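Peer 1: Please find one structure pasted underneath; my questions will follow.
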Amino acid sequence: MMKSLLAMLATLTLTTSAFAGEIDPNQSSIKWRGSKITGDYHDGQISTRSSTLKLVNGRVSSGEVVFDMDSFTVGNLEGEWKDKFLGHMKSADFFDVAKFPTATLKLSRIKKGTASGELTVKGITQPITFPVELVDGKYVGKATFDRTKFGIIYGSGSFFKNLGDKLINDQIDVEFSLSVTGD
């Protein structure tokens, strides 16, 4: 009886091997998009500062991703307008990068195509769920979060009236395609 129990435990351990992994920044992209009520939008990229992922049977099951908020870029502006926009986005009106240089996603699990966890922006943590799938060896998906839940209320119609075409939508979309390396 004891031998069969040990054999069963050994088999279970071998079939559910857990390893450490991380995002390969050279093979990955994380793109954001924010918009105004008029349909105008800005988009760009953001980089990770670090990541620690738990891989079970070769797939991400949980982990933590730290985003470098100073790496925030904008792709559809140039010159002076680009500099002004980035300065404003990194100011206390939006992400307050001097005080909060990172944002963190703590994944508690990925199950049946849905990732669940907690997103921390500007020191405020909120639950988040979003679809994710493994396509051609990369984790791809789109997460959407409400910026006002993280204290980013500048230009929000939820907090200010009569903004007209200056109203900025509360939702921010983040599309990702992540390559993960592991032990």
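Peer 1: For Tyr154, only one of the following conditions fails: (1) of a type outside the set (S, T, N, Q); (2) touching a residue at least 60 places away in the same chain (Cβ under 8 Å); (3) farther than 14 Å from Phe95 by Cα. What is its number?
Peer 2: For Tyr154, the failing item is (3).
Peer 1: On to the next question. Starting from region 40-59, keep only residues that are closer than 16 Å to Ser71 by Cα and in contact (Cβ under 8 Å) with a residue 40 or more places away in the chain, then list their pairs with residues that are open to solvent by less than 60 Å² (accessible area, probe 1.4 Å) and acidic (Asp, Glu) whose Cβ atoms are within a distance under 7 Å, requiring at least 6 positions of separation or different chains.
Peer 2: If the second residue must be open to solvent by less than 60 Å² (accessible area, probe 1.4 Å) and acidic (Asp, Glu), the pairs left are Arg49/Asp68.
Peer 1: Does region 93-111 contain any residue that is over 16 Å from the mean Cα position of the chain (by Cα) and modelled with pLDDT under 95?
Peer 2: yes
Peer 1: Now a separate question. Quick test of your reading of the structure: Phe72 fulfils all but one of (1) in contact with a strand residue (DSSP E or B) (Cβ under 9 Å, 6 or more places away or on another chain); (2) modelled with pLDDT of 95 or more; (3) over 20 Å from Glu22 (Cα atoms). Name the failing condition by number.
Peer 2: The one condition Phe72 does not meet is (2).
Peer 1: Here's a follow-up. Give me a count of the residues in region 156-183 that are open to solvent by less than 90 Å² (accessible area, probe 1.4 Å) and either touching a helix residue (DSSP H, G or I) at 6+ places or on another chain (Cβ under 6 Å) or under 30 Å from Gly113 (Cβ atoms) (or both).
Peer 2: 15
Peer 1: Let me confirm something: among Lys149, Lys111, Lys106, which residue is out of contact with any Cys (no Cβ under 8 Å at 6 or more places or on another chain), surrounded by fewer than 18 Cβ atoms within 10 Å (Cβ to Cβ) and more than 19 Å from Thr52 (Cα to Cα)?
Peer 2: Lys149
Peer 1: Tell me which residues, restricted to region 109-128, are of a type in the set (Val, Ile, Thr), within 13 Å of Asp146 (Cβ to Cβ) and out of contact with any Asp or Glu (no Cβ under 8 Å at 6 or more places or on another chain). Quick ask: steps written out before the conclusion?
Peer 2: From region 109-128, those of a type in the set (Val, Ile, Thr) are 110, 114, 120-121, 124-125, 128; that's our starting set.
Filter again for within 13 Å of Asp146 (Cβ to Cβ), leaving 121, 124, 128.
Listed by number, the residues that qualify are Val121, Ile124.
Peer 1: Condition (residue is open to solvent by 30 Å² or more (accessible area, probe 1.4 Å), touching a Ser or Thr at 6+ places or on another chain (Cβ under 7 Å) and not aliphatic (A, V, I, L, M)) applied to region 76-94: is it met by at least one residue?
Peer 2: no
Peer 1: Across region 29-49, what is the number of residues that are open to solvent by 30 Å² or more (accessible area, probe 1.4 Å), at negative phi and outside any strand (DSSP E or B)?
Peer 2: Here the count works out to 3.
Peer 1: Same structure, new question: Return the residues of region 1-50 that are touching a Leu at 6+ places or on another chain (Cβ under 9 Å), modelled with pLDDT under 95 and closer than 26 Å to Ser158 by Cα; say none if nothing qualifies.
Peer 2: Correct list: Lys36, Ile37, Thr38.
The values are calculated or read from the model by the stated rules, or taken from the named source; none is laboratory data. Nothing here was measured: the structure is a model prediction, and the numbers come from that model. Cβ atoms come from the backbone with ideal geometry, glycine included; neighbour counts cover every protein chain shown. In case anyone asks, the SASA skips ligands and DNA or RNA and just uses the protein heavy atoms, side chains included. Shrake-Rupley method; radii C 1.70, N 1.55, O 1.52, S 1.80 Å.
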